[in-house]
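Enquirer: Before anything else, here's the structure in question.
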Amino acid sequence: MLERQGSIELCPDGPLLLRGDFEILGADGEPIDAHRKTVALCRCGLSSIKPFCDGTHKASGFRTEE
Amino acid sequence: MRLPEARGNASDALFTLLSRSERHARGSGGAIAEAVAGAEDVLTDDDLQVALFVLYELHYRGIDGVEDAWEWHPELLAIRALIEAAFEARLREVVPRPPRPEPTRRAVADALFELTADTGGPSLSRFVARQADESQLREFLIQRSIYQLKEADPHAWAIPRLEGVAKAALVEIEADEYGGGDPARMHAAIFAQTMRGLGLDDSYGAYVDQVPAITLASANMMSLFGLHRRLRGAIVGHLAAFEMTSSIPNKLYGNGFRRNGFGEDVTWYFDEHVEADAVHEQIAARHLAGGLIEAEPELLDDVLFGASACLTIDGIVGERILAAWTTGQSSLRQQVTA
């Protein structure tokens with residue numbers, strides 16, 4: 001997990017964890033405030049705070065293929 | 001914080017001792033030993049839990065008017081050890097043992113996610129979301145303030161006791177808990193803002209006298225796990241379970257405050273936890289707990305114990321608050337006039 005560059009961790013049955021040097025841009029091209037150094041991006045599509053994860057994947061039984 | 005009120009002979013003897021200079025220590029061990037021997041259930045024993053809470057606070061922010069040197073006084077350490085032995089024994093008695101996974105990162109994470117899965121039963125967060133009135137919201141914050149005003153502190157004790165993947169994971173979580181370098185974003189500070197938004201006193205320890213023994217036990221359990229290197233597996237398991245049962249309930253808590261007309265200054269704390277803890281739970285399960293077990297597989301039982309203890313004790317805290325509210329009572333020892 002070298003932090004100099006950005007890294008994306010695929011959490012089994014869960015979100016994508018972003019670390020390091022990254023920028024999140026909205027559909028309008030404007031940067032979205034990440035609020036923290038490491039963020040979790042929604043992968044199940046059910047989060048109420050997209051693009052971020054809110055843990056809803058656990059309640060919906062979301063499964064990732066590996 | 002100021003010294004709380006004594007709740008029985010043991011805390012009375014201890015608090016009298018603490019009001020003296022530590023150079024003139026004179027026994028209160030006898031009263032404590034008697035109280036420990038006579039306690040029906042140390043988890044709900046007001047006298048012992050408030051005594052233990054004060055003994056631990058000497059290691060955090062100290063107590064007004066109590067000499068700092070008491071922190072490492074052998075007599076106080078002996079008293080603390082007496083209460084801790086009974087407390088830990090009782091925890092090991094009441095906390096269910098989850099099934100043991102293989103000692104791999106993936107299996108440990110999967111086991112923790114399974115252990116912490118929402119069972120869908122009655123819950124404090126659902127009650128807060130749908131029904132709690134403003135005075136109950138205030139009570140909820142008072143109950144939570146005992147820990148939340150020092151949020152993340154008990155787990156920070158574990159940092160120098162870990163290595164490698166687990167240590168990096170714990171620091172990654174704790175740094176975010178402490179606001180990532182911005183004191184205004186520190187979770188304890190955001191919680192204090194929420195308290196002020198409901199007209200509550202946000203000074204550290206202001207409501208210790210109001211909360212029942214089991215709420216103090218919940219905080220004391222973290223200090224017990226955090227302060228003993230021997231129990232580093234338990235504090236790691238505790239943090240993992242805490243983070244893994246946070247995002248969804250915090251969304252519901254926030255909804256309860258919104259339903260009662262409170263704005264973002266008050267709900268920020270809960271909204272922040274929805275987002276932050278969805279990150280933290282992944283790190284805690286996979287890299288903190290999983291990483292620790294890969295490095296020190298012999299700690300597996302302690303990690304599971306810490307996680308299960310968090311769920312069990314905080315479950316009892318929540319059940320008792322719900323039981324009081326659903327019968328039209330207060331969950332506090334004394335009504336707070338705000």
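Enquirer: Could you please give the count of residues in region B:153-172 that are more than 14 Å from chain A (Cβ to nearest Cβ) and surrounded by 21 or more Cβ atoms within 10 Å (Cβ to Cβ)?
Expert: Total satisfying the criteria: 4.
Enquirer: Residue check, B:Gly121 against (1) farther than 18 Å from B:Ala309 by Cβ; (2) in a helix (DSSP H, G or I), all met but one. Which one?
Expert: Only one criterion in (1) farther than 18 Å from B:Ala309 by Cβ; (2) in a helix (DSSP H, G or I) is unmet by B:Gly121, namely (2).
Enquirer: Scan (1) surrounded by 24 or more Cβ atoms within 10 Å (Cβ to Cβ); (2) under 19 Å from B:Phe113 (Cα atoms); (3) not charged (D, E, K, R) for the single condition B:Leu300 breaks and write down its number.
Expert: The single condition B:Leu300 does not satisfy is (1).
Enquirer: Looking at region B:212-234, can you tell me whether even one residue there is closer than 29 Å to B:Arg92 by Cβ, within 14 Å of chain A (Cβ to nearest Cβ) and not aromatic (Phe, Trp, Tyr)?
Expert: Of region B:212-234, the ones closer than 29 Å to B:Arg92 by Cβ are B:212-234.
This time we only want the ones that are within 14 Å of chain A (Cβ to nearest Cβ), so: none.
Within region B:212-234, not a single residue is closer than 29 Å to B:Arg92 by Cβ, within 14 Å of chain A (Cβ to nearest Cβ) and not aromatic (Phe, Trp, Tyr).
Enquirer: Then there is this: Report whether or not B:Val50 is of a type outside the set (Asp, Glu) and in contact with a Ser or Thr (Cβ under 6 Å, 6 or more places away or on another chain). Show your work before the answer.
Expert: Numbers: of a type outside the set (Asp, Glu): yes; in contact with a Ser or Thr (Cβ under 6 Å, 6 or more places away or on another chain): yes.
Taking the combined requirement at face value, the residue satisfies it.
Enquirer: Tell me yes or no: at least one residue of region B:115-123 is touching a residue at least 60 places away in the same chain (Cβ under 8 Å) and over 26 Å from B:Tyr253 (Cα atoms).
Expert: So far as region B:115-123 goes, no, none of its residues is touching a residue at least 60 places away in the same chain (Cβ under 8 Å) and over 26 Å from B:Tyr253 (Cα atoms).
Enquirer: Quick one: which helices (runs of 4 or more DSSP H) sit completely within region B:176-260 and have at least 2 residues that are surrounded by 18 or more Cβ atoms within 10 Å (Cβ to Cβ) and within 15 Å of the chain's Cα centre (by Cα)?
Expert: Passing ranges, in order: B:187-197, B:213-227, B:232-244.
Enquirer: Name the residue, out of B:Ala13, B:Ala35, B:Ala51, that is in a helix (DSSP H, G or I), open to solvent by less than 40 Å² (accessible area, probe 1.4 Å) and modelled with pLDDT under 85.
Expert: B:Ala35
Enquirer: Here is a follow-up. Contact list please: Cβ distance under 9 Å, first residue in region B:305-322 and more than 16 Å from B:Arg92 (Cβ to Cβ), second residue modelled with pLDDT of 95 or more and among the charged types (D, E, K, R), pairs at least six apart or on different chains.
Expert: Close Cβ pairs satisfying both conditions: B:Ile321/B:Glu139.
Enquirer: Next up: Among the candidates A:Leu25, A:Leu46, single out the residue that is at pLDDT 95 or above, over 9 Å from the mean Cα position of the chain (by Cα) and more than 14 Å from B:Ile248 (Cβ to Cβ). Lay out the reasoning, then the answer.
Expert: On the way: A:Leu46 fails: more than 14 Å from B:Ile248 (Cβ to Cβ).
Residue meeting the stated conditions: A:Leu25.
The values are calculated or read from the model by the stated rules, or taken from the named source; none is laboratory data. Here the structure is a predicted model, which is why all the values come from computation and not from measurement. Counting neighbours? That spans all protein chains shown, and the Cβs are built from the backbone with ideal geometry, glycine included. Calculation scope for accessible area: heavy atoms of the full protein, side chains included, ligands and nucleic acids excluded. Shrake-Rupley method; radii C 1.70, N 1.55, O 1.52, S 1.80 Å.
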